[in-house]
Amino acid sequence: MKISDQITIIVNTCDAYQDVLQLFLCALNEYWRECDCRIIINTESNRYDFNDSRIRVFNYCKYSGTDRWGDRIRNVLKSIDSEFVLMLYDDFILENHIDLKGLYKAIDLLLIENKASAIYLINTALPIEKDDRHLFLRVKEKSDFIVNSAPAIWRKKDLMSYIGENDNPWAWEVFGSYRAFGRDNIFYTLNPKNLDIFPYNYKKGGAIYRGKWVKDVVDGKFQKYNLNIDPTVRGFINLEELAPRNFRWKLDFMLTGFNMVGVKAFYFIFRYLKIIFLSIRIL
């Protein structure tokens, strides 16, 4: 079995992140040089000529005139023939070689377990079932972030069912998970005893945070890959000076959740209040 016969790689990006995409592709070519999978660059209106037969650019704004993250991904998925997709984002900058044996095992599990929707390729810290003898462990039902943006191989039809046309990437990881509640789909995550199959610096959140470079992730990489990128243009994030989300942002976030999943958004409110209550009791 060839990996390229089973999966298509989707790299989710946007017009404003073309510099990030350059860095992503350089690292991918270094650490997965033998990759012969089809690669779709999911973006808005930017046109690229990569001179690489594996890569196809999917433009959304070109056809619609506006960008809706959820609708854009759904249209990409509709254009793909493979049963499975490897979902990635442009700031997932590889730090080491892909574990190809782990990829094969993930695909084998999806082929055997028809109810499996996704297999996460890193240690997600999601709550798992007690049995830890296997490479991939079943995530407990009704877990927060059971649906998330971590590198994963997804069953394409299931991923489509978990994404709505008006979703945005930030709300999707929270409220998209509630779409899984009450369904019999299974999610797996990498056993934390094992090394990441897709090794990138997720502990820092990737290469970009709120539109700025994360220095610990990208330091030295522009020189390493001989990229003509001036990091001072985008700037580096300073987490100590980062302002908290304001009330208007939080309100819009909640309204987005209700638009996405209706009354299931109350799961988030209940769990948020529970966290506050427990923190008060501890104090």
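Data overview
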{"read-out": "In segment 222-240, the residues that are free of Cβ contacts under 8 Å to residues at least 24 places away in the same chain and either within 24 Å of residue 175 (Cα to Cα) or in a loop (DSSP other than H, G, I, E, B) (or both)", "value": "226, 228, 230, 235, 238"}
{"read-out": "Tally of residues being touching a residue at least 40 places away in the same chain (Cβ under 8 Å) and among the β-branched types (Val, Ile, Thr) across segment 1-55", "value": "9"}
{"read-out": "Any pair with Cβ under 6 angstrom, 6 or more apart, that starts in segment 111-123 at a residue that is of a type in the set (Lys, Arg) and ends at one that is assigned to a strand (DSSP E or B)", "value": "115/186"}
{"read-out": "Selected residue (only one of 196, 108 is farther than 19 Å from residue 91 by Cβ, of a type in the set (Asp, Glu) and either in contact (Cβ under 8 Å) with a residue 40 or more places away in the chain or not in a strand (DSSP E or B) (or both))", "value": "108"}
{"read-out": "Cβ pairs under 7 Å, 6+ apart, first in segment 241-270 and in the same structural domain as residue 181 (by TED's automatic domain parsing) and over 13 Å from residue 171 (Cβ atoms), second at pLDDT 85 or above and loosely packed, with under 11 Cβ neighbours inside 10 Å", "value": "none"}
{"read-out": "Matching residues, segment 39-59, being surrounded by fewer than 17 Cβ atoms within 10 Å (Cβ to Cβ) and under 17 Å from residue 100 (Cβ atoms)", "value": "54"}
{"read-out": "Residues satisfying the stated conditions in segment 1-39, i.e. of a type in the set (A, V, I, L, M, F, W, C) and assigned to a helix (DSSP H, G or I)", "value": "3, 16, 20, 21, 23, 24, 25, 26, 27, 28"}
{"read-out": "Options 130, 101; residue that is more than 17 Å from the chain's Cα centre (by Cα), in a helix (DSSP H, G or I) and assigned by TED's automatic domain parsing to the domain that holds residue 21", "value": "101"}
{"read-out": "Residue match in segment 199-221 (condition: under 25 Å from residue 112 (Cβ atoms) and part of a helix (DSSP H, G or I))", "value": "no"}
{"read-out": "Residue match in segment 67-78 (condition: in a helix (DSSP H, G or I) and in contact with a Pro (Cβ under 6 Å, 6 or more places away or on another chain))", "value": "yes"}
{"read-out": "Options 80, 153, 119: the member that is surrounded by fewer than 23 Cβ atoms within 10 Å (Cβ to Cβ) and either more than 30 Å from residue 252 (Cα to Cα) or out of contact with any strand residue (DSSP E or B) (no Cβ under 9 Å at 6 or more places or on another chain) (or both)", "value": "80"}
{"read-out": "Given (1) at pLDDT 95 or above; (2) touching a strand residue (DSSP E or B) at 6+ places or on another chain (Cβ under 9 Å); (3) crowded, with 20+ Cβ neighbours inside 10 Å, index of the condition residue 31 fails", "value": "(3)"}
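The values are calculated or read from the model by the stated rules, or taken from the named source; none is laboratory data. Quick caveat, the model's predicted, so the values are computed rather than measured. Quick reminder, even Gly has a Cβ in these numbers, built from the backbone with ideal geometry, and neighbours come from all protein chains shown.
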